[in-house]
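Peer 1: I'd like to ask you about the structure that follows.
The values are calculated or read from the model by the stated rules, or taken from the named source; none is laboratory data. The structure presented is a predicted model; accordingly, all values stated were derived computationally and were not measured. Methodologically, a virtual Cβ is constructed for each residue, glycine included, from the backbone with ideal geometry; neighbour enumeration extends over all protein chains shown. To get the accessible areas, we keep the full protein, side chains included, count just its heavy atoms, and leave off ligands, DNA and RNA. Shrake-Rupley method; radii C 1.70, N 1.55, O 1.52, S 1.80 Å.
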Amino acid sequence: MSGLLYTLLGLAASTSLHCAVRREISPCTCRQEEFSSPVINPAQATANAGNNAPPAHPPPHHGGHGERIEVVCERMDSFGQLADALRGKFTAEQQIILRVSHSNLRDISRHDFKELRMSITRLELNHDHLEVVDGDVFAGLGRTQYLSLADNDVPAIPRHILSHLSLLRTLDLSRNRISRIDLDDFKYNPTLQHLSMAGNVISEMVPGSLPPLVKHLHVGRNRLHTLNRTLRDLNQLEWLLVNSNELTSLDGELPSSGHNLKMLYAVDNKLTHLPMEFRYLHRLESLFLQHNKIRSLNGALQKARRLKFLELSYNDLQELNEDDFVEVEMLEDLELGHNSLKSLGGTNEDGSGANSALYPLRSLKCLNLTHNELREFSFASLRGLRELRMLDLSDNRIARLRRGRTPSENLVEEEGDEMVGGNIQDIRLQYNELKSLEGSLFVGMKELQKLNLSHNALGPMIALRDLRGLDRLRVLDLSYNEFITLEDTSETWLPALEELNASHNRLITLSGRDFRGFPVLCWADVSANRIRTLMPELVANTRCTIHGVPDVLRIYLQDNPVLCDAGLADLTVALEVNHAKVYGVGNNCPTTPSTPIESTSSLPPLPPTLLLAAAAAASGGNVSFAATLE
């Protein structure tokens, strides 16, 4: 039975086109696939779109099954060569996707696509040195729905070509030399829905020139100083890309109803403010406005109820107002980095943050405030942000973190069954001016996994309450501060801490108490300190475990005096007994015996048997070497 089945399948396959071995179309290649799809009546689709009605379901039929074949031709010497390779090789029932790229088709006006005798539904002519082309060349492409002439030298919208493509739905004219869009350029293409003209030199668009049913429009990377009200009647528009132009304002430029616009990409312009029309873009989901000159929001986004992603980085924002996001309850990602923000809107003198502009953002998961001018931050500004996972406050001027509550109250308060700040997983506070944490700032942040406090002025020690309650903290970065000891961390229990970076501080001793509160620590970087004493009891209560599997605690000691200690070799053996390994290579060590350093350990002096080998071990971007015995 199975043999008969394979025989029948083989016979069926032999009757179809095997593109991989079609030598007749060389140097072109092809690939075949079966398809079954409904036939769309273009007239009915146009009528439905014009009436804002949903597309009608086509009646049942049996003619939607056929073959779709992708033909690829590269580096053809001429259109004549292309015609010779493909002429008469395919049947009218086979739908052809034809891609011709990096070829010399300057002779195309002496030919036409009728020569190929192919039913082309998708045509891509890219990097083919096309300039002015006779429109009759494209006669016979009445079934073509997708045309790409990108990456050529076409000087104007080729309306004489488009007049033969009445069913065209997608047109890509990107990266040509088009400078203007005129009134009748698309009058023969009533079904055109996707139009890309990015990377041209367009400086003017005439009102009424764009196809009325277009859904996706890309005119980015041009020379537009104004949109000239050409979008006012495009009420089907869903995606608009106008990036990298010279636009200074969008006032009066967006679709008059705007009820379908979901994404606006206006990056890298000269916008100074947001248009009030944003109040009526009720379906807007993604808004990209980075690299502009916007100074304030002025309530323009108050009613953006469906907005999920807002990118405002690299602008001139000075402050946020209390009512800027009143109804923006679905926003998940707010990017405000690289601005000049000094305030998040109406924080009270007690730091309570009761009037914070962030309060309505109930769905916010990511808040990026990096590279601003905040001088202090009240965690009470996060009140109500129950879904917040990542908070980036790096590269500001924050000298003080505030809870915004009286000393008897914790930062995290109950709101129903949830805790404010209780779901934050990643806090970035590097490159600020913090000198202390004022104790218990992070109490209740039970989901916090990463905390970066590097590049501040914290020290000389960590207070007992500074890191209390962070039971899920996995990564702690204290590098580039002014700590002289970690001993007080022994009173802080961090049961999940795997990585500790305390490099570039002023640590002198690593005692038996320093790692006591880190039972599963696997990676400790204390390089570039002043450590002269290292006690074997340091790792007595630590056992590195990764996903339940025991591993080795790696301690990086590069650029510390202890690496020149004659007794380090035997100390290394004692550490390895407790599954810890020291990495580092001594630099500028004295060649003659020096006065022994008084050890705080109860062990007797260790003999000078250290040999530092050159076995490399990397961690992060720093290269260090394992300290081993001869």
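Peer 1: Out of (1) in contact with a strand residue (DSSP E or B) (Cβ under 6 Å, 6 or more places away or on another chain); (2) under 17 Å from ALA266 (Cα atoms); (3) buried (at least 19 other Cβ atoms within 10 Å of the Cβ), the odd one out for MET197 is which?
Peer 2: With respect to (1) in contact with a strand residue (DSSP E or B) (Cβ under 6 Å, 6 or more places away or on another chain); (2) under 17 Å from ALA266 (Cα atoms); (3) buried (at least 19 other Cβ atoms within 10 Å of the Cβ), MET197 is out only on (1).
Peer 1: Right, another one. Are there strands (runs of 3 or more DSSP E) fully within segment 453-531 with at least 1 residues that are under 20 Å from LEU575 (Cβ atoms)? List them.
Peer 2: It comes to 499-501, 523-525.
Peer 1: Now for a different question. I'm checking my understanding of the structure. Among residues of segment 428-450 that are under 27 Å from the mean Cα position of the chain (by Cα) and buried (at least 22 other Cβ atoms within 10 Å of the Cβ), which one is modelled with the lowest pLDDT?
Peer 2: MET445
Peer 1: Related question: Quick one: is GLU115 more than 29 Å from ILE181 (Cα to Cα), of a type in the set (D, E, K, R) and touching a strand residue (DSSP E or B) at 6+ places or on another chain (Cβ under 8 Å)?
Peer 2: Spelling it out, it is not the case that GLU115 is more than 29 Å from ILE181 (Cα to Cα), of a type in the set (D, E, K, R) and touching a strand residue (DSSP E or B) at 6+ places or on another chain (Cβ under 8 Å).
Peer 1: Any residue at all in segment 536-552 that's among the small types (Gly, Ala, Ser) and either open to solvent by less than 10 Å² (accessible area, probe 1.4 Å) or closer than 26 Å to ARG468 by Cα (or both)?
Peer 2: yes
Peer 1: I've got another one for you. Taking segment 286-322 on its own, how many of its residues are open to solvent by 70 Å² or more (accessible area, probe 1.4 Å) and touching a residue at least 24 places away in the same chain (Cβ under 8 Å)?
Peer 2: 8
Peer 1: Only strands (runs of 3 or more DSSP E) wholly contained in segment 165-268 count here; list those with 1 or more residues that are aliphatic (A, V, I, L, M) and under 27 Å from the mean Cα position of the chain (by Cα).
Peer 2: So the answer is 194-196, 216-218, 239-241, 263-265.
Peer 1: Any residue that is closer than 20 Å to LEU500 by Cα, small (Gly, Ala, Ser), surrounded by fewer than 22 Cβ atoms within 10 Å (Cβ to Cβ) and modelled with pLDDT under 95 - is there at least one of those in segment 353-360?
Peer 2: No, because not a single residue in segment 353-360 is closer than 20 Å to LEU500 by Cα, small (Gly, Ala, Ser), surrounded by fewer than 22 Cβ atoms within 10 Å (Cβ to Cβ) and modelled with pLDDT under 95.
Peer 1: Also, I was wondering about something else. Which one of GLU332, GLU277 is open to solvent by 30 Å² or more (accessible area, probe 1.4 Å) and touching a residue at least 40 places away in the same chain (Cβ under 8 Å)?
Peer 2: After ruling out the rest, the residue left standing is GLU332.
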